[in-house]
1. Given the options 12, 184, 264, state which has the largest fluctuation in a GNM of the chain using a 10 Å cut-off (strictly under) for Cα springs.
2. What is the Cα centroid distance between the stretch 64-114 and the stretch 123-186, reported in whole angstrom?
3. Taking the alpha-carbon centroid of each part, what is the distance from the stretch 294-316 to the stretch 239-280 in angstrom?
4. Bins of 5 Å, beginning at zero and ending with the bin holding the largest distance: percent of Cα pairs per bin for the stretch 88-161, please.
5. Over the chain, what relative contact order in percent results from Cα pairs under 8 Å that are six or more residues apart?
6. Mean 1/r over all different Cα pairs, inverted: what Kirkwood radius does the stretch 53-242 give, in Å?
7. So if R0 is 51 Å, what FRET efficiency would residue 5 and residue 249 give, r being the distance between their Cβ atoms, rounded to the nearest 0.05?
8. Among 231, 313, 322, which one moves the most in a GNM of the chain with springs linking Cα atoms closer than 10 Å?
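All of the numbers you see were taken from the coordinates with simple rules; none came from a lab. All figures in this text were calculated on a predicted structure; none of them were measured in a lab. Virtual Cβ from ideal backbone geometry, glycine too; neighbours counted across all protein chains shown.
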């Protein structure tokens, strides 16, 4: 992905949802009409990103840090680390948040196919408020520079020192305010090369703060168990936020879980007009947790799949068997097996 892909994704309108119809009305349509309705519903449901209240809180905290950094004197700014278990939705969350930052900074220019600005009189450049790159395993300084340069449309070749100079020039030229380094758990600090990369991340944070009062955000799986967060200089400027799977071990946990299910199922259930309104939040809530182990992405997949199957089969009810027919990730299956073993040991 480069800056133009990012702009296209950030400004793409969401697919339109078809209007809900009753089973009787659906049955009265032609085969072509039913197929078109189902196709549009499938596109809209699968394109919807479910964001829980804890995720919204992370986004609000990110907004506050980035805005505060813009108001500070130029220099090294507070950094952010967003961490979570693998596939807990952190990268999707940061992309959705970053799209909002992108649109907010561009303002009226956001509708342009290729927004530009003038970094100084007589000069025009692409306007790129957000850089989002995904790191590779044990990325070197040169490799991180190459990813940023490619994102901004520059050739990546050259020595590390040369490409670093070009990165700093490009960040200034394109008005970059946020740099998101995804899969930061790939960084290693167990050898001299790894420590050099961590030093470079600190350097990048300082320079982005000097240039544009910008913010560096690290996103990765289980960052709290990596050496990245042990670095004293990074920790001195770091705010860590965690996105985790939902638990149902307390009344408060269960209420939060039901709130998530309401968020995920409210609009899909409109397309099962004869279904009970608490179908997911009450009747199926515990079974959904067992199947998904509390991961938001798995919840969205389960709700989407089961509702689409019900619409396709022209029925208004969803059972445990219907939920079990939806294929989820191997992680969810492993979690269910671990839960069953734990329950067996306790008994």
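1. Answer for the Gaussian network model of the chain: 12.
2. 16
3. Result: 13 Å between the Cα centres.
4. Reading upward from the zero bin: 3, 13, 17, 19, 20, 15, 9, 3, 0, 0.
5. It comes to 22 percent, rounded to a whole number.
6. One decimal place: 16.8 Å for the Kirkwood radius.
7. Step by step, r from the Cβ atoms, then E = 0.80.
8. Top of the fluctuation ranking is 313.
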